[in-house]
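What follows is calculated from the coordinates using simple rules that are stated; it is not laboratory data. These numbers come from a predicted model, not from an experiment. Cβ sites come from the backbone with ideal geometry, for glycine too, and all protein chains shown count toward neighbours.
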Amino acid sequence: MVTGKQVVVGSRGSKLALIQTNWVISELKRLNPGYEFHIEKISTKGDKITDVPLSRLGGVGLFTKELEVALINGKIDIAVHSAKDVPTEIHEGLIIGATPKREDPHDVLISATNVSLERLPEGARIGTSSLRRKAQLLGFRPDFKILDLRGNLDTRIKKLNEDDLDAILVAHAGLIRMGYTGPVSQVIPFDIMLPAVGQGSLCIEIRDKDDRINKIVSKMDDKNTRIAVEAERALLAKLQGGCQVPIGAYAQVEGNVVSLEAIICKLDGDHCIRDSHSGPVSEAAKVGNELAQRMLDNGGLKILAEIRLKFPGQGNRLS
């Protein structure tokens, strides 16, 4: 750990992760004149194993654990994560110090012929490693053929042509942050596909008793984003959803009210439970808990039980 005016920021080494971390640093510099920030690149299990679907890797913190270990050991002062990668149970001794303003949470379609989901050919081959995306795609059009697609964002876009795919699905936020200028065939509306919990958001993780760093990063916190992500993460925690579970959720804040919509799908998309709930922003976690319980009572428990039989021993991370 570096003291004084120097701060060490931990980041995964992928192009997108470094873009996100550099953006965080630029904001922290603007908000904290005089401080110096240094990036420490740390490789995670999810980065090292790219030839296995996430749903088969198992465990929690596939893209966060090594960064958290570095935080606890004092090797870094701050860890920058994509919120959707952060397990709902934060490691003891660590906290989310800030949730910056959210980027667009939608999923987007990039198709070889630049057409929308509705206009893709019968039996179109679509690449995605996310069971959440797969299930909702099949719920929309059961004729689609879904193929596993891993790798960083650049790699997945490159594989669109190399693997003879008709289309791929990626997060819009990643494209925006990377400055992608290629064609986006469709920003998929929420009525077709709800995003991953926290999609489009970043989480800045710190040690819970590090007052110096807390004062630095707390200036980046966006209240509405934090409340929305809190509701989504509370729902995920109650559902105990893992990367093997097709769960989508999106919350938004209007005035003093947080509204949350969520979906639980069978793996083949032939049955989904979709519901919504709202409440005061001061009770964001309660809104997430209550909606999750209602969905469990209305058939979600059965779906989750069936999926966990297929993917046993996995934890609460959403894909």
Rg over Rh [alpha-carbon atoms, Kirkwood Rh] for segment 167-319: 1.00
Just tell me the longest site-free run in the chain, where the sites are GluC sites (Glu not before Pro) in a DSSP loop having at most 15 other beta-carbon atoms within 10 Å. 123-319
Kirkwood Rh over Cα pairs of segment 107-187 into Stokes-Einstein at 10 °C, 1.306 mPa s: D in µm²/s? 127 µm²/s
Ranked by GNM mean-square fluctuation in the chain (Cα springs under 10 Å), the top entry among V229, V187, V86 is V187
Two decimals is fine: what is log10 I(q)/I(0) at q = 0.09, 0.10, 0.15 Å⁻¹ for the chain, from a Debye sum with one equal scatterer on every Cα and no solvent? -0.44, -0.55, -1.25
Selection from A292, T155, T181 lying farthest towards where the dipole of the chain points positive, charges on Cβ: T155
Can you give the local net charge around L175? Use residues other than it whose beta-carbon is closer than 13 angstrom to its beta-carbon, Lys and Arg +1, Asp and Glu -1. -1
Over the Cα atoms of segment 185-275, Rg to Rh with Kirkwood Rh, two decimal places? 1.05
Under a GNM of the chain (C-alpha, springs under 10 Å), which listed residue has the highest mean-square fluctuation: T113, T155, T181? T181
Trypsin sites (Lys or Arg not before Pro) restricted to segment 126-233 and DSSP loop, no more than 13 other C-beta within 10 Å: K209
Using a Förster distance of 41 angstrom, determine the FRET efficiency expected from the C-beta separation of S218 and D154, and round it to 0.05. 0.80
Considering only the other residues whose Cβ falls under 15 Å of the Cβ of K266, what net charge follows from Lys and Arg at +1 and Asp and Glu at -1? +4
Added length on full extension, which subtracts the Cα-Cα distance from 0.36 nm per residue, Y35 to E283: 85.7 nm
